[in-house]
Amino acid sequence: DISSNRVTNLQPLGELSSLIVLFAARNRITRLDVFSASPELAELDLAENPVEDIGAVASLANLRRLNLEKVPMRDVMPLADLGNLDRLILRDVSSVDCAAIDTLAKGLGTGVVVVPDRCAGGIPAGQ
């Protein structure tokens, strides 16, 4: 757990090919390209980080839980192929259009995506 530590660079984690869980919320992380070396990652918490491009997460086929609450990403569709997700948290994501979030929620299945309160699809953020 490296949450709330003002971390800006995850490159040192690039050596950890067996990394399964990473809690990195409330830091200053902007780049996620290090995750291409973490194919076993199953749970990732990046809440409240200034990440705009989440495309690197799309390669994490074993990912089951992903928290992107309050992440100012531009596009959620890179997550559409993460078929093993049990839970995707997108609370307070104001930078992404609700239509894109709703499309993602429908594609990933019922009960997987926790959506912003302003969007209709998925699980309401209060649950």
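The values are calculated or read from the model by the stated rules, or taken from the named source; none is laboratory data. Please read all numbers here as calculations on a predicted model, not as lab measurements. Virtual Cβ from ideal backbone geometry, glycine too; neighbours counted across all protein chains shown. Just so you know, the surface numbers come from the protein's heavy atoms only, side chains and all, with ligands and any DNA or RNA stripped out. Shrake-Rupley method; radii C 1.70, N 1.55, O 1.52, S 1.80 Å.
For the residue pair Arg74 and Arg31, what label-to-label distance in nm results when each label sits 7 Å from Cα along the Cα-to-beta-carbon direction?
Taking the simple label geometry, Arg74 and Arg31 are separated by 1.6 nm.
Please compute the per residue accessible area over region 8-88 with all protein chains in place, 1.4 Å probe, rounded to a whole number of Å².
49
Quick check on the chain: helices-only [θ] at 222 nm, where DSSP H runs of length 4 and up contribute -39,500 (n - 2.57) each and the sum goes over total residues. Nearest 500, please.
-2500 deg cm²/dmol
I'd like the FRET efficiency for Ala99 and Ile20, computed as 1/(1 + (r/R0)^6) with the beta carbon distance as r and R0 of 35 Å, rounded to 0.05.
0.55
Would you indicate which of (i) 18.8, 60; (ii) 21.2, 76; (iii) 13.5, 40 is the value of Rg and Dmax of the Cα atoms in Å derived from the coordinates of this structure?
Answer label, from the structure shown: (iii).
Can you send over the carbon and sulfur percentage of the accessible area for the chain, probe radius 1.4 Å, protein chains only?
Carbon plus sulfur share of accessible area: 46 percent.
How far, in nm, would the chain grow between Asn9 and Asn84 when pulled straight, counting 0.36 nm per residue and subtracting the alpha carbon separation?
My answer for the length gained is 24.3 nm.
Among Asn67, Asn27, Asn49, which one shows the highest mean-square fluctuation when the chain is modelled as a Gaussian network with alpha-carbon springs under 10 Å?
The residue that fluctuates most here is Asn27.
What angle do you read, to the nearest 10 degrees and between 0 and 90, between the alpha-carbon axis of helix 98-108 and the longest principal axis of the chain?
The angle comes out near 80 degrees.
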